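The values are calculated or read from the model by the stated rules, or taken from the named source; none is laboratory data. Only a predicted model underlies this, so the values are computations on that prediction, with no experimental measurement involved. Cβ atoms come from the backbone with ideal geometry, glycine included; neighbour counts cover every protein chain shown. Note: areas computed on protein heavy atoms with side chains; ligands, DNA, RNA excluded. Shrake-Rupley method; radii C 1.70, N 1.55, O 1.52, S 1.80 Å.
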Amino acid sequence: NNINSMYRDSDGTVWLGYFNSGLSYHHPSFDCFRNFSDKSYRNANSILVDRDGILWMGTDGYGVICKDPSTGQTVKRISVPGNIIVCLFLDRQDRIWIGTYLHGLFCMDGGRLVEWSKQNGKIELDTIWSIAEDSQGRIWFSDLHGNTQYLNTVDGTVSGIIEGGDKLFYAGNDTMLA
């Protein structure tokens with residue numbers, strides 16, 4: 001089995017998401033890993049546990065599935081275009097960022113889902129492979145080719161470094177340098 005994702009939550013539980021084999025977890029008090037079984041997350045591409053203890057799984061074809069780990073019950077399902085989730089990220093303001101295959105970046109902020117995509121002209125990248133937050137609260141995201149942009153969460157502007165053939169470009173709000 002290929003492991004697509006690993007995550008260690010605040011109580012020490014280690015979560016493993018497999019390619020085509022679902023999800024398992026191990027708590028320090030267990031002797032072995034235990035399995036979650038549900039066809040909707042056979043491909044758990046990304047995993048995180050939010051501050052309320054809810055398990056978020058980014059899946060291949062079923063969007064984001066949120067479960068209560070203590071009961072195994074699904075508490076929420078988030079559908080985005082394509083429903084192929086590549087990565088998830090929890091920022092310092094408790095927002096969940098969702099990177100997708102071919103459909104950009106989404107943010108779950110409270111109960112509101114906000115989209116940044118190439119299709120709506122807000123970002124240049126369409127497949128988001130990785131998401132991180134810097135010390136200034138900017139959300140950085142990149143694709144499989146190393147193209148990187150960041151979102152200023154205060155004013156909503158997007159800037160970054162975009163590769164173009166054999167050149168690197170810095171793309172700011174009103175500036176592009178080659």
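Would you be able to tell me the number of residues in the range 55-97 that are part of a loop (DSSP other than H, G, I, E, B), of a type in the set (D, E, K, R) and open to solvent by 10 Å² or more (accessible area, probe 1.4 Å)?
Start the filter on the range 55-97 by keeping residues that are part of a loop (DSSP other than H, G, I, E, B), which leaves 61-63, 68-73, 79-83, 91-95.
Retained after the next criterion (residues that are of a type in the set (D, E, K, R)): 68, 91-92, 94-95.
Subset that is open to solvent by 10 Å² or more (accessible area, probe 1.4 Å): 68, 92, 94-95.
Adding up the residues that qualify gives 4.
With the requirement that a residue be outside any strand (DSSP E or B) and either touching a Cys at 6+ places or on another chain (Cβ under 6 Å) or under 23 Å from VAL80 (Cα atoms) (or both), what does the range 146-164 give you? Break it down into steps so the answer makes sense when it comes.
From the range 146-164, those outside any strand (DSSP E or B) are 146-147, 152-157; that's our starting set.
Matches in the range 146-164: ASN147, ASN152, THR153, GLY156, THR157.
Exactly one of these conditions fails for ASP52: (1) touching a helix residue (DSSP H, G or I) at 6+ places or on another chain (Cβ under 7 Å); (2) open to solvent by 30 Å² or more (accessible area, probe 1.4 Å). Give me its number.
(1)
Identify the residue in the range 45-54 that is among the hydrophobic types (A, V, I, L, M, F, W, C) and part of a strand (DSSP E or B) and, among all such residues, is farthest from the chain's Cα centre (by Cα).
VAL49
Condition check ((1) polar (S, T, N, Q); (2) under 14 Å from the mean Cα position of the chain (by Cα)) across all residues:
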residue	(1), (2)
ILE65	no, yes
THR71	yes, no
VAL75	no, no
SER79	yes, yes
CYS87	no, yes
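Answer yes or no as to whether ASP11 is open to solvent by 20 Å² or more (accessible area, probe 1.4 Å) and either charged (D, E, K, R) or within 24 Å of THR127 (Cβ to Cβ) (or both).
Values: open to solvent by 20 Å² or more (accessible area, probe 1.4 Å): yes; either charged (D, E, K, R) or within 24 Å of THR127 (Cβ to Cβ) (or both): yes.
In short, yes.
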